[in-house]
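Everything below concerns the one structure shown next.
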Amino acid sequence: MKTSFIIILSLISFFGFAQKKGKEVWKLVQVRNGAKMFPVPSQNNEFGLSIKEKKFSGYIGCNRFSGKLEYTKGDNIRPVTLVSTKMACPDNLSSLEYATMEGLQLSDRLVIKGTKAEFFNQNRLMLQLEKLH
């Protein structure tokens, strides 16, 4: 019971902090694996993007990850300094996490339009997110 209370309190603090700092919460909906884009099954996944602080973080069902965003030519934004935890995951989550990490590492541009955020490598879509709040 005490552990549940601490977890709930931590989540409330996290989301309160995220909104105060301008972090927007997104969900991964498509990821590139090889030559094709694949839909991501509805599951517990979350991306936090803070353009103002130039940071991102997330969770795709097993490991947590985070990194920094940097401005490149013009208004282009790309992810840099990607780090993640390294827990053993079920095969289906391992494949999804690997494709997501690869997509982030290869991305050279982030485009946000309304409720969609897309990471590209040149003109090739790598990841697509939908805004939750």
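Any read-out appearing in this document is the output of simple, stated calculations on the displayed coordinates, not a laboratory observation. Fair warning: this is a prediction, and the values are worked out from it, not measured in the lab. Here Cβ is always computed from backbone atoms with ideal geometry, including for glycine, and neighbour counts include all displayed protein chains.
Using a simple spin-label model with points 7 Å from Cα along the Cα→Cβ vector, what separation in nm is obtained for THR72 and SER94?
Once both label points are built, they end up 3.1 nm from each other.
Extending each Cα 7 Å along its Cβ direction at LEU82 and MET101, get the distance between those two points in nm, one decimal.
0.9
Quick one: ASP91, ASP108, fewest Cβ neighbours within 10 Å first, how do they rank?
Values: ASP91 7, ASP108 16.
In order of increasing Cβ crowding within 10 Å: ASP91, ASP108.
Under 13 Å Cα to Cα from LYS55, which aspartates and glutamates show up? Leave out anything in the same chain fewer than 8 places away.
GLU24, GLU70
Calculate the dipole size of the range 20-133 relative to its Cα centre from +1 charges on Lys and Arg beta carbons and -1 charges on Asp and Glu beta carbons; express the result in debye to the nearest 20. The partial results should precede the final answer.
On the way: 19 positive and 11 negative charges, 78 e Å.
Around 380 debye, computed over the range 20-133.
Can you sort MET87, MET37, MET126 by how many other beta carbons sit within 10 Å, fewest first?
Numbers: MET87 11, MET37 17, MET126 24.
By the 10 Å Cβ count, ascending: MET87, MET37, MET126.
Sorting PHE120, PHE38 on the 10 Å Cβ count, fewest up front, what's the list?
Values: PHE120 18, PHE38 13.
Ascending Cβ contact count within 10 Å gives the list PHE38, PHE120.
Give the aspartates and glutamates reachable from LYS73 as a straight Cα distance under 20 Å; neighbours fewer than 8 places away on the same chain don't count.
GLU53, ASP108, GLU118
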